[in-house]
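Input: a single structure, listed below in structure tokens.
Just so it is clear, none of the values below were taken in a lab; they were calculated from the coordinates. What you see is a predicted model, and the numbers here were worked out from it, not measured in a lab. Quick reminder, even Gly has a Cβ in these numbers, built from the backbone with ideal geometry, and neighbours come from all protein chains shown.
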Amino acid sequence: MNFAFTEDQVMIRDAARSFLAEESGSAAVRAAMSGEHGFDAGVWQRIGSELGWCGIPVAEEYGGLGLGAVELVLVLEQMGRQLLCAPYFSTVCLAANLLAQLGSEQARRRFLPAIAEGRLCLTAPLDSGVEDWHEAAALVQANRKGEVWTLSGHCPRVPDAGAADWLLIFAWVEGERLPALFAVPREISGLDIKPLEGWDATRRFSSISLGGVTLPAEDRIDDALRLEDGLSRAAALTRLAIAAEQLGVAQQCLDLTVAYTATRKQFGRAIASFQAVKHRCAEMMVRIEATRSAVYGAAALAAGGSTTDAQAIECAVARTLAADTCFFCAQEAIQLHGGVGFTWEYDPQLYFKRAQASSHWLGNADALRERIARALLAA
Amino acid sequence: MNLQPSTTDEAFRAEVAEWMRRHLSGRFESLRHRGGPGDEEADPVLRKEWERELAAGRWTCVGWPAEHGGRGLSIEQQVIFHEEYARAGGPGRMGHIGEGLIGPTLIAFGSEAQKRRFLPGIVAGTEYWAQGYSEPGAGSDLANVQTRCWQEADGSWRVQGQKVWTSLAHESEWIFVLARSEPGSKGRNGLSFLLLPLAQPGVRIQPIRQMGGGSEFNEVFFDGAAAEAGHLVGKPGEGWKVAMGLLEFERGVSTLGQQMHFAYEFDLVVKAAQANGSAANPQVRQRIAQAWCGLRVMRYNALRMLSGGEGPGLKREALIYKYYWSNWHRELGKLALDVLGPAGDVVSDDPRIRPLQQLFFFSRADTIYAGTNEIQLNLIAERGLDMPREPRPTA
């Protein structure tokens, strides 16, 4: 048993840290936020082709790097820290993850190599509930006639849909017990993508309506045998990814606050020297390191292989802690920045908005705790 | 990162578990899950016999080098030992101050004669130790020690003053004491580190009754108490260095064992909630899940600590650990009593209730001893975040 990072893992983390500090600073984030799709296409291009990050969790047989949850978490933490605006989360942590966990072999061969090479941008709905995409599926009906599927319904929240080449859409098929998964190309008749103006502009969401979108049979991409297990595993890994980003957000809130309080003087001294300020920063650090332990632990468990149930609970634990820590630190950052903390100009507001928006992605902390309690108290 | 255990580790784990299964039975059966902070008064006579049972199996001081009577186990195997010990319900160790604190201190700073004299008694479970650091005026500000010591013409030492919060002094043969050997000195300078027998006319031990009714702490009064000439550790005036070195020996190997006990207490709370129906209460369910999250945090945090974290330098996970576990434990105590409801307000001998009451009361001490919450937050801010330092005693 060894809980230390390998040299390669440290290298990946440090590379992510320096690239993102360079390319996703405050000015770059603000510029990306006001761009057409909400990200800098050049940076996204480099992430995909030059850095190869899209291939991190993709198996080697599909052209990926075949690395695991630990490497992915380390990169995502840095992305959260710099509020990277890019469809990385939707392409890799949602779509590629769903394909890997519950996609048919044919679908995996069709999409994963292009994703790994950074040539394709995909997305999928991001529910606010804890039922592992059953909520999303309930809003879309799929009917089959011969070799053609027809999809009707809507998805209230899909990240980066405006930039995606393909959308992975969950739907209910009458007579089936579990959600079905379809690949829908963006340019198709009957699909309407309506951008939402979110307060958190670092990750764009759209609402989508499907008015009788027709698809060939091969665009139903789930593997019936792995569907049930795969939904749970994919949801767990997406929660872990969200947790890793939230951890990065929290860390940056602390770093910004420590730096600011060291320079801000009142009563003739840096406010960082007041115990009231020190203790609040220390409390942030305690919660961040606790979250870090939970996130790294869940990642190590996922990477090492575990039962579906154990992985679901461990990732729910990490996600619960991360959401609470993230909001706590964002709120403390504003408070400890004083007046400038609630201005547009200073960065705490950007982290505060991400903290709140991300708090309910795939379930809020209260709902996840109830799920954990159900597992603990069932025995 | 790799959470998979090696096969040799698994074999060792099985060996410890099997030994515990065979030996923590019969007359020792009643000691299961007893003792430890908050329950130190549980059957000390039998627990000392248990220490000798452990010693006969060579299961005391397992991390010490073989030349001093230990097993020289690796960190991983020490962790496994502590985990399996706690998993089996092994009682709180009467010898932990000797094994964990003064023994390693003597190995690092003691003279050959001191090692020969004291280490075997610790290994064998025949001599027990108490720690004489805190004083009424030296709590968080430990360097403000006022107890005095001086050397007589024959080379022996005398001690005058008072120590407080001395765990298990009434069950111990020896005490190590930090005392001021240079009159007029202040702060960390001019202190010496002495070893004294407790059974002597110059020592008076007075129990302190705690809020939970028990008395596992004491005040210890020294009125010209004597220490042999050869029982000063390190050099006169350099006691602070020895005392601080001692605190470094807590390397975290026992923390996973401590967590096994926490998990046991958590299970007691869950069982209580299931038994009285409060497990259906949504708020209770939230708090149970939250407590579980804390258990997972502590486990992975300990694994981070034991893996050396991110290499040399700042150990952020180690810095937060005491604050984290003590506050978690205190919360668990409150949850336990909230789950019990009015039944928790009645003094009880019910084994499903009494341990939770003890947890509730004693966990109030967790955030105070070994660095209060407030001191911990200072340390975290200063060492972890490089924020400006609080005033320190002038050196």
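Structure summary
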quantity: Cα-centre dipole for region A:227-377 with unit charges at Cβ (Lys and Arg positive, Asp and Glu negative), debye to 20; calculated: 460 debye
quantity: Cleavage-rule hits (trypsin sites (Lys or Arg not before Pro)) in region B:174-258: DSSP loop, at most 11 neighbouring Cβ within 10 angstrom; calculated: B:ARG209
quantity: For A:ASP127, residues with placed amide H under 5 Å, excluding near neighbours; calculated: A:LEU362
quantity: Relative contact order of chain B, defined on C-alpha pairs under 8 angstrom at six or more residues apart (%); calculated: 14 percent
quantity: Full-extension gain in nm, B:GLN200 to B:SER140, via 0.36 nm per residue minus C-alpha separation; calculated: 18.7 nm
quantity: Residue-wise HN-Hα coupling along region B:3-19, computed from phi with Karplus coefficients 6.51, -1.76, 1.60 (Hz; x: Gly, Pro); calculated: 8, 7, x, 7, 6, 5, 5, 5, 5, 5, 4, 5, 5, 5, 4, 5, 4
quantity: Debye-sum result for the protein assembly as shown in log10 I(q)/I(0), which assumes one identical scatterer on each alpha carbon, at q = 0.07, 0.08 Å⁻¹; calculated: -0.59, -0.75
quantity: Simple spin-label estimate for B:ALA17 and B:ASP349 in nanometres, 7 Å along Cα-Cβ; calculated: 3.5 nm
quantity: Cys residues of chain A counted as unpaired, since no other Cys beta-carbon is under 4.7 Å; calculated: A:CYS54, A:CYS85, A:CYS93, A:CYS121, A:CYS155, A:CYS281, A:CYS315, A:CYS326
quantity: Efficiency of FRET from Cβ geometry, B:GLU390 and A:GLU345, R₀ 35 Å, rounded to 0.05; calculated: 0.60
quantity: Whole-Hz ³J(HN,Hα) from phi, Karplus 6.51 cos²θ - 1.76 cosθ + 1.60, for region A:100-109, glycine and proline x; calculated: 5, 7, 9, x, 5, 4, 4, 5, 5, 5
quantity: Entries in B:LYS48/B:LYS271; A:LYS265/B:LYS315; B:LYS271/B:LYS334; B:LYS115/B:LYS186; B:LYS186/B:LYS235 that, when Cα-Cα distance is taken, lie over 27 Å; calculated: B:LYS48/B:LYS271; A:LYS265/B:LYS315; B:LYS115/B:LYS186
quantity: Modelled FRET efficiency - R0 35 Å, A:GLU36 with A:ALA59, Cβ distances, 0.05 increments; calculated: 0.55
quantity: Largest to smallest principal axis extent of the C-alpha atoms in chain A, angstrom; calculated: 79, 49, 37
quantity: Packing-based order for A:101-112, B:14-25, using average beta carbon neighbours within 10 Å, highest first; calculated: A:101-112, B:14-25
quantity: For A:ILE56, residues with placed amide H under 5 Å, excluding near neighbours; calculated: A:LEU65
quantity: Long-range HN-HN contacts of B:GLU135 with modeled amide H, under 5 Å; calculated: B:VAL164
quantity: Test item: B:193-206 mean partner chain Cβ contacts at 10 Å; calculated: 0
quantity: Inter-chain Cβ neighbour average for residues B:264-277, partner chain, 10 Å; calculated: 1
quantity: Exercise: per-residue mean of other protein chain Cβ atoms within 10 Å, A:291-298; calculated: 6
quantity: Karplus-derived HN-Hα couplings along region A:352-361 (A = 6.51, B = -1.76, C = 1.60, θ = phi - 60°), whole Hz, x at Gly and Pro; calculated: 4, 5, 5, 4, 5, 4, 6, 5, 10, 5
quantity: Ranking of A:VAL213, A:VAL184, A:VAL249 by count of other Cβ atoms within 10 Å, fewest first; calculated: A:VAL184, A:VAL213, A:VAL249
quantity: Fraction in percent of alpha-carbon pairs per bin - 5 Å, region B:9-166; calculated: 2, 8, 15, 17, 18, 15, 11, 7, 4, 2, 1, 0
